[in-house]
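Engineer: Mind looking over this structure? Questions follow.
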Amino acid sequence: MSPPLSYRTGRSVTAIAAALAAGLLVTLPAGEANAAPGQYTLVVAPTGAEGAGDDGPGTRGQPLATLAEAQERARDLAARGDRDVTVYLQDGTHRLDRPLRFGAADSGRDGHTVTWAAAAGAEPVVSGAEPVTDWELDDAAAGVYRADVGTGFDSRQLYVDGLPAQRARMDLEASDITLNATGFTLDNPDLHHLAELPDQRRVDFQAMLSFTNRFAPVEGISGTSVVMQQPAWDNSTYGYDTIQSPLREPTFSLLNARGFLDEAGEWYLDTTAGTLYYKPLPGQDLDSTPVELPRLETLVEVGGTYDEPAHDLAFEGLTFSGTTWLHPSTSNGYANQQTGAFITGVQAERPTDAFESCDFGCRGFEASRNGWAQTPAAVQVSAAENISFASSRFVNLGSVGLGIGNDANAHATGVGLGARNVSVVGSTFTASAGGGIIVGGIRPDAHHPSDPRMVNSDILISNNSIHSTALEYLDQDAILASYVTGLTIEHNYVSDMPYTGIGVGYGWGANDPGGSPEYLSRGLYDFQPIYDTPTTLRDVRVEGNHIRNVVQTMFDAGCVYTLSAIPGGSIDENFCEHSGQLGLYFDEGSRYLTGSDNVFLGTAGQWAHANNQNGNHTGDLTLTGNWTTNPAITGIVDGERGNITRDNVTFTSDDIPAEASRIISEAGPAGSVPSP
């Protein structure tokens, strides 16, 4: 569900009137009367606008035609170092044929800032998609339409009337197939027709398990035998919560064949013929319904180098939309491990009998951990400082919305980590394939950096709405922060998520000083050191957030989920409403955290749970003054393992104490809060 109107972000971009250099004078509209003097400004029209031109002055009356030209001019103006620079985007869709990359040369100088902002009253969209028009009826009986879209590209996403459409899908019962080391056999005779499918290598097998949601492409189907592409299948049947040994009843599907297109709202792209097929939902008229087919995987890449970082850049009032993510369609698939991390490539330590011997972990699997990759974001920030996003929207994206200081493999610039003083305020993240925001990396340089400039630090995530997203990669969180020093996650609205609402920490305690006895027994330290120094994860504050309707699809999750030691970590005055499982989940190695004055209403499972099994060091947790309708708490006993649990109060939803009511009313972004 969408958040209440009072939670939706309005356009509050500061209007600026400024004189352009080189004799170009701009008079901005009366609505921009509060503008500060002495700034350079440029104005850009949406794609295809009449009267726009890249050889013109870039004024309101004669705007530029492309963002690429605006970037070149803004770079030259910023280099003067004597004024702020603002690029105003007029109302409409600004389509990119390649991502915008911002480095040191695009940055503000000498205390000045380069801002990319919506013009007064405008709601500009920065898009990596192309519109689809000129639909023709393809199959009258089935109600399927087609459109010519050209060749030379692929997409896993299609956006119809502002929402992601479903790739053509056929659900499988677990009893329909028998899994094996190379794929599976078709035991249900009604499925034997699959051997006749064309373009079999474009077909995906999806396995929704407990905390993982995996995709692997088909190699071929012959008779009743389905052989899967490698290494996707090997990597998806390796480790924990595997396809063949899930931690709960699995859900299987096949996707992406023309023959599966039988439900309204489904689509299929024939990349060879350049034809898009779609079966409209009831009431949809394709002559008037906007359809967007993405061509790009990223939109904005903010990143320099550690010697010359990008800096002093601001983005205000923009909508980022229209991307896909193609890695899951490669032979690597999406061998998800948890929260957007996945195995990719051939694993050197994987034993030949791993389908049987490594279906619930093994020594060889531990060797893979330090090479896991991260899901890239449509908007990326790394090797950068003093970067802000305000009053913006991240919608209809093929992966994560915003990635801040992730590992290098998740950044198109090739340089990861090193994000400092980054703020995300008053923005909305919704209706995308992946999660909302991911901060930090997961590989060794993220937790024990080889260069101190790699440390992610001083990140603010405040007053945002992250809801109804992670629609395809169900394992991903609304907000995930792995390794970061100095992070504030405050007064956000998080709702309707398949997995965890807010996740903090990574590494399962294995990278903390002294290591973890659990991972010693698993064999991890045959492949990495036992560190004697702390990780970069510390001073994290999760405060005043309203988190509701999370853990709706996956399992082993909660409103707030933590991993590993977080010195200086606090979880205070949050309102957790109707979690599908846990309220606070302190998973392996969670330590040095306090949680006070939180309210938990209608959690399906325990309001607080700590995983302290198998010798891990989970403990040193202080929970005081919390309010809950479900009194169950496990793994956190007052006086044991350094834990303190005192003065926590059970209440009923029809008799909410005054102090709990205050916390409820003040949680989330500024504005009214829906009644529980």
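Engineer: Could you list, in sequence order, all residues of region 310-326 that are assigned to a strand (DSSP E or B) and on the phi < 0 side of the Ramachandran plot?
Structural biologist: Narrowing region 310-326 to residues assigned to a strand (DSSP E or B): 310-316, 319-321, 323.
Scanning region 310-326 gives Ala310, His311, Leu313, Ala314, Phe315, Glu316, Thr319, Phe320, Ser321, Thr323.
Engineer: Would you be able to tell me the number of residues in region 425-463 that are closer than 25 Å to Asp307 by Cβ and either without any contact (Cβ under 8 Å) to a residue 12 or more places away in the chain or polar (S, T, N, Q) (or both)?
Structural biologist: So the answer is 4.
Engineer: Same structure, new question: Can you name the number of the only condition in (1) assigned to a loop (DSSP other than H, G, I, E, B); (2) within 18 Å of Tyr306 (Cβ to Cβ) that Val422 fails?
Structural biologist: Here Val422 meets the rest and fails (1).
Engineer: Separate question: Could you tell me which residue of region 56-83 is surrounded by the most Cβ atoms within 10 Å (Cβ to Cβ), considering only residues that are in a loop (DSSP other than H, G, I, E, B) and in contact with an Asp or Glu (Cβ under 9 Å, 6 or more places away or on another chain)?
Structural biologist: Among those residues, the one meeting the criterion is Gly58.
Engineer: Also, quick follow-up: Could you check how many residues of region 172-190 are surrounded by fewer than 12 Cβ atoms within 10 Å (Cβ to Cβ) and in contact (Cβ under 8 Å) with a residue 40 or more places away in the chain?
Structural biologist: 1
Engineer: Scan region 235-251 and report the pairs whose first residue is more than 18 Å from Ala341 (Cα to Cα) and open to solvent by 10 Å² or more (accessible area, probe 1.4 Å) and whose second residue is outside any loop (DSSP other than H, G, I, E, B) and aromatic (Phe, Trp, Tyr), with Cβ atoms within less than 9 Å and a gap of 6+ or a chain change.
Structural biologist: From region 235-251, the pairs are Gln244/Phe355.
Here's the yes/no breakdown for (1) touching a Ser or Thr at 6+ places or on another chain (Cβ under 9 Å); (2) assigned to a strand (DSSP E or B); (3) in contact (Cβ under 8 Å) with a residue 40 or more places away in the chain; (4) within 22 Å of Ile437 (Cα to Cα):
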{"residue": "Ser288", "(1), (2), (3), (4)": "no, no, no, no"}
{"residue": "Glu292", "(1), (2), (3), (4)": "yes, yes, yes, no"}
{"residue": "Glu301", "(1), (2), (3), (4)": "yes, yes, yes, yes"}
{"residue": "Tyr306", "(1), (2), (3), (4)": "no, no, yes, no"}
{"residue": "Pro328", "(1), (2), (3), (4)": "no, no, yes, yes"}
{"residue": "Gln347", "(1), (2), (3), (4)": "yes, no, yes, no"}
{"residue": "Pro351", "(1), (2), (3), (4)": "yes, no, no, no"}
{"residue": "Phe355", "(1), (2), (3), (4)": "yes, no, yes, no"}
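Engineer: Can you list residue pairs whose Cβ atoms sit under 7 Å apart, with the first residue in region 59-85 being free of Cβ contacts under 8 Å to residues at least 24 places away in the same chain and the second being in a helix (DSSP H, G or I) and open to solvent by less than 30 Å² (accessible area, probe 1.4 Å)? Count only pairs 6 or more apart in sequence or on different chains.
Structural biologist: The qualifying pairs are Leu64/Ala70.
Engineer: Continuing with this model, one more query. If the Cβ limit is 6 Å and pairs must be 6+ apart or interchain, which residue in region 643-665 that is farther than 11 Å from Trp627 by Cα and among the charged types (D, E, K, R) pairs with which residue that is at pLDDT 95 or above and open to solvent by 30 Å² or more (accessible area, probe 1.4 Å)?
Structural biologist: Short answer, once both residue conditions are applied: Arg646/Thr624.
Engineer: Could we say that Glu292 is within 22 Å of the chain's Cα centre (by Cα) and within 29 Å of Ser392 (Cβ to Cβ) here?
Structural biologist: Criteria met by Glu292.
Engineer: With respect to Ala264, is the statement that it is at pLDDT 95 or above and part of a strand (DSSP E or B) true?
Structural biologist: No: the conditions fail for Ala264.
Engineer: Find the residue count for region 308-330, including only residues that are over 28 Å from Ala341 (Cα atoms) and open to solvent by 10 Å² or more (accessible area, probe 1.4 Å).
Structural biologist: Qualifying residue count for the region: 3.
Engineer: Can I ask one more? Could you list, in sequence order, all residues of region 273-291 that are more than 19 Å from Ala129 (Cα to Cα) and crowded, with 19+ Cβ neighbours inside 10 Å?
Structural biologist: Answer for region 273-291, where residues must be more than 19 Å from Ala129 (Cα to Cα) and crowded, with 19+ Cβ neighbours inside 10 Å: Lys279, Pro280.
Engineer: If you don't mind, another one. Mind checking which pairs have a first residue in region 397-418 that is open to solvent by less than 10 Å² (accessible area, probe 1.4 Å) and a second that is assigned to a helix (DSSP H, G or I) and not hydrophobic (A, V, I, L, M, F, W, C), Cβ under 6 Å, 6 or more apart or different chains?
Structural biologist: Listed pairs, sorted by first residue: Gly418/Arg453.
The values are calculated or read from the model by the stated rules, or taken from the named source; none is laboratory data. The shown structure was predicted, so the numbers you read here are calculated from the model rather than taken from an experiment. Because the Cβ atoms are built from the backbone with ideal geometry, glycine has one as well, and the counts that use them run over all protein chains shown. Surface accessibility is based on the protein's heavy atoms, side chains included, excluding ligands, DNA and RNA. Shrake-Rupley method; radii C 1.70, N 1.55, O 1.52, S 1.80 Å.
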